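The values are calculated or read from the model by the stated rules, or taken from the named source; none is laboratory data. Because the structure is predicted, anything quoted here is derived from the model rather than measured. Ideal geometry is used to build each Cβ from the backbone, glycine not excepted, and the neighbour counts take in all protein chains shown. Ligands, DNA and RNA are excluded from the accessible area calculation, which covers all protein heavy atoms including side chains. Shrake-Rupley method; radii C 1.70, N 1.55, O 1.52, S 1.80 Å.
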Amino acid sequence: MLGSAPSVLYDNHGRPLEYLRLAVTDRCNLRCFYCMPEEGIQYLPKRELLTYEEMERLVRLLTGLGVRKVRLTGGEPFVRRDLVPFMARLAALPGLTDLSLTTNGVLTAPHVPELARLGVRSVNLSLDTLDRTRFHRITRRDELPRVLDTFYALLATGIQVKINAVVMDGQNTEDLVPLAELTRDLPVEVRFIEEMPFNGGSHAAPTAIPWNYRRIREHLEQHLGPLLPVPVPAGATASEFSVVGHLGRIGIIAAYSRTFCGTCNRIRLTAEGGLKTCLYDQGVLDVRALLRSGAPDELIVEALTSAFRHRAADGFEAEQRRPLHQLSFESMSTIGG
Ligand code: SAM
Ligand code: SF4
């Protein structure tokens, strides 16, 4: 169902545009401490979210520019109605070779067989702890059992599972080793992510993070032995490691330190149709306005191409260019992490 790769567009720093992260909603059924405040964020009115038709048109235009991989995210993708039929439409687009999603796993388990049928090969499952009490404290919802159901359903269908765990000082550092231990007997990748400042005002943005990629690695090595670097595909954000005797892999994502910008091949569309050519920019193009103005495909392609050719060199430059500097005003739920 998924097609073959088209030609690729390069940005002003020689990086290919290959990968779109598409936030299908800003709504969520969890309230993760690092993503949004306890009371939630002010959700966009429904009419301000891109419709499935608008998203499909954009993905079609972007595949024409060389995008071959799309990851659906949010908010929680499965909170939006009719997600799977939408995915089926995307999977049928020529040029798209890789369709995947990032989910918190609360509503996902019943859909896993359909995902496998659509050709979804990999799912990122967010899971910051295996301890029910800490899960409840971090996400402010008691949903660990349903997330674990999704985990086991994915394993059973053979879809590759990448667990995303945000590392937070004082919240879940005791969980790093138990999570990493999952890789001993299971063919999963457990990826530890530096906490980023996009928390929708949940708490003040950290000016430095006590648990950066170096400390995470040192901590894991103290308990598991050496983490042996393994080659990763161009554009990957995670540094990946194997551990002697472990079936799976460990990843570390320096999302705050931004060590991977030099090869970044991704763009984002926020739930309200804003184009981000860097996670740290404030949105460089209002794609929704363009779509709803009745612009023809050629004009939209021109605007997307131009935005991509004016990309910041890295996340630090993108942050500098923001008219509004407080990153914590944004939530990953709107951006699409
Ligand atoms: N709701 C889905 C989920 O949680 O998997 C998809 C959206 S969520 C915004 C995507 C990813 O962003 C999750 O893996 C989450 O852990 C990560 N994330 C959210 N806020 C973050 C933050 N402040 N720092 C680092 N990662 C964050
Ligand atoms: Fe929801 Fe994902 Fe944000 Fe948690 S990280 S609040 S699951 S959008």
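Using only helices, what value at 222 nm comes out for the chain when you add -39,500 (n - 2.57) per DSSP H run of length 4 or more and divide by the total residues, to the nearest 500 deg cm²/dmol? It would help to have the intermediate numbers written out before the result.
Details: 11 runs with 102 residues, N = 337.
Result for the chain: -8500 deg cm²/dmol, rounded to the nearest 500.
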| request: Can you tell me how much longer the chain between Ala88 and Glu39 gets when fully stretched, taken as 0.36 nm per residue apart minus their C-alpha distance, in nm with one decimal? | output: 14.3 nm
| field | Furthest towards positive pole of dipole, Leu179, Ala205, Leu155, structure part region 115-223, Cβ charges | value | Leu155
| field | Part-to-part distance (alpha-carbon centres) for region 1-62 and region 291-319, which is given in Å | value | 14 Å
| request: Between Glu53 and Ser306, take the C-beta separation as r, use R0 = 25 Å, and let me know the FRET efficiency to the nearest 0.05. | output: 0.55
| task | Can you send over the solvent-accessible area of Thr237, 1.4 Å probe, protein chains only, in Å² to the nearest 10? | result | 30 Å²
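Given charges of +1 on the Cβ of Lys and Arg and -1 on the Cβ of Asp and Glu, with all other atoms neutral, how large is the dipole of region 160-307 about its Cα centre, in debye to the nearest 20?
Details: 13 positive and 17 negative charges, 27 e Å.
Result for region 160-307 is approximately 140 debye, rounded to the nearest 20.
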| message | Could you tell me the calculated FRET efficiency between Thr133 and Arg322, based on Cβ-Cβ distance and R0 = 41 angstrom, to the nearest 0.05? | response | 0.65
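Compute the length gained on full extension between Leu299 and Glu174: take 0.36 nm times their separation in residues and subtract their Cα-Cα distance, giving the result in nm to one decimal. Walk me through the intermediate numbers first.
On the way: separation 125, 0.36 × 125 = 45.00 nm, distance 5.14 nm.
Once the chain is fully extended between Leu299 and Glu174, it gains 39.9 nm.
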| said: Can you tell me which lysines have their Cα less than 22 Å from the Cα of Lys46? Leave out same-chain residues fewer than eight positions away. | reply: Lys276
| query | Considering the dipole of the chain built from charges on the beta carbon (Lys and Arg +1, Asp and Glu -1) around the Cα centre, which of Leu101, Gly66, Cys278 is farthest to its positive end? | reply | Gly66
| Roughly what % antiparallel, to the nearest 5, for the DSSP beta bridges in the chain? | 30 percent
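Return a whole-number percent for the relative contact order of region 113-264, with Cα pairs under 8 Å and 6 or more residues apart as the contact set.
Answer for region 113-264 is 21 percent.
Between Gln160 and Ser7, what length comes free when the chain is fully extended (0.36 nm per residue of separation minus the Cα-Cα distance, one decimal in nm)? Show your work: numbers first, answer last.
Details: separation 153, 0.36 × 153 = 55.08 nm, distance 2.69 nm.
That pair, Gln160 and Ser7, stretches by 52.4 nm at full extension.
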| Relative contact order (%) - region 214-272, alpha-carbon pairs under 8 angstrom, separation at least six | 26 percent
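Quote the relative contact order of region 9-335 in percent (integer), defining contacts as alpha-carbon pairs under 8 Å separated by 6+ residues. Numbers along the way, then the final one.
Values: 665 pairs, mean separation 71.5, N = 327.
Here the relative contact order equals 22 percent.
Any idea what the dipole of the chain comes to, in debye rounded to 20, about its Cα centre with Lys/Arg Cβ at +1 and Asp/Glu Cβ at -1? Mind dumping the intermediate values first?
Working: 39 positive and 39 negative charges, 94 e Å.
Dipole about the Cα centre, nearest 20: 460 debye.
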| remark: Reduced to Cα centres, the span from region 143-179 to region 189-262 in Å works out to 15 Å
